[in-house]
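Working notes, structure below.
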Amino acid sequence: MRMVKSLARLHEQLRKLPGIGSKTALRLAYHVLDMDERDVQQLAQALLDVKTRVHLCETCFNLCEGTQCEICEDKERDRSLICVVEQPQDVAAMERTKGYKGLYHVLHGVLSPLDGIGPDQLKIRELMRRLQDGQVREVILATNSDVEGEATAAYLANLIRQTGVRVSRIAHGLPMGGDLEYADELTLYKALENRREL
């Protein structure tokens, strides 16, 4: 049996979302069909709002609705500390720890020559400009521990050291509650490499 055209169009659009396969998209499409019309309008408006209102912070390139994000506007944040992350969702992850009180800088990717992504495609020039005023004393590199993230961290560390600003890298290793027997070799190696004295 063929699907009704408008339902088929919704199914196709939902399938374009990351992590949504055909069956999940179909379930979501039928769920939308069963929703109250007011709820569907609110969903549609939320989708439109996120596309028209959300843009990049002019300072750190996190997501915001004004000229600067809430973190950059927060006068209580430690302005001598910048944590460099790959994507805006990494800022959200760091903020969930409630342990970091500095500022951020979002690169919007990592170096990946095979994909044609070099330094000019990332927000590296803008990061280096932020270090020129002498206010920043440390940059924490919090890129992922995959090949591209490590290469990006090494590249940035070399650039930042030339400015005299301290550079550090977040530790990588075993997650809390993780079992040694299930950890891969690289994770165990990083856990050993990043050990600290007790």
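The values are calculated or read from the model by the stated rules, or taken from the named source; none is laboratory data. Worth saying up front: this structure is predicted, and the values here are computed from it rather than measured. Don't worry about glycine lacking a Cβ; one is built from the backbone with ideal geometry, like all the others, and counts go over all protein chains shown. When the accessible area is computed, the model is the full protein with side chains, heavy atoms only, and any ligands, DNA or RNA have been set aside. Shrake-Rupley method; radii C 1.70, N 1.55, O 1.52, S 1.80 Å.
Using the alpha-carbon positions of segment 82-129, Rg (one decimal) and Dmax (whole number) come out as 12.0, 36 Å.
Couplings 3J(HN,Hα) for segment 151-157, derived from phi with the Karplus relation 6.51 cos²θ - 1.76 cosθ + 1.60 (θ = phi - 60°), are 5, 5, 4, 5, 4, 5, 4 Hz, where x marks Gly and Pro.
Farthest toward the positive end of the dipole of segment 28-155, out of 92, 41, 81, is the Cα of 81, where the dipole comes from beta carbon charges about the Cα centre. Taking each residue as 0.36 nm, the span from residue 161 to residue 67 lengthens on full extension beyond its C-alpha to C-alpha distance by 30.9 nm. What does the C-alpha gyration tensor say about the overall shape of the chain? Classify as rounded when a/c is under 1.5, otherwise prolate if a/b is larger than b/c, or oblate. Judged from the Cα gyration tensor, the chain comes out prolate (a/c at least 1.5, a/b above b/c). Accessible area per residue for segment 105-198, computed on protein heavy atoms with a 1.4 Å probe, is 67 Å². Protein heavy-atom surface of segment 100-198, 1.4 angstrom probe: 52% of the accessible area is carbon and sulfur, with nucleic acids and ligands not counted.
Distances longer than 22 Å among the Cα atoms of segment 1-96: what percent of all pairs is that? Every Cα pair in segment 1-96 considered, those over 22 Å come to 50 percent. Extension gain, residue 121-residue 95: 0.36 nm per intervening residue step, less the Cα-Cα distance, totals 6.8 nm. About its Cα centre, segment 45-198 has a charge dipole of approximately 640 debye under the convention of +1 per Lys or Arg Cβ and -1 per Asp or Glu Cβ, with nothing else charged.
Across the options 128, 175, 152, the greatest Cα extent toward the positive end of the charge dipole of the chain (unit charges at beta carbon of Lys, Arg, Asp, Glu) belongs to 128. I want the local charge near residue 101. Using Cβ-Cβ distances under 15 Å, sum +1 for each Lys or Arg and -1 for each Asp or Glu among the other residues. Here the charged neighbours net out to -1.
Each label was represented as a point 7 Å from its Cα along the Cα-to-Cβ direction; for residue 133 and residue 58 these points are 1.3 nm apart.
Electrostatic bookkeeping for residue 157 treats Lys and Arg as +1 and Asp and Glu as -1; over the other residues with beta carbon under 11 Å from its beta carbon, the sum is +2.
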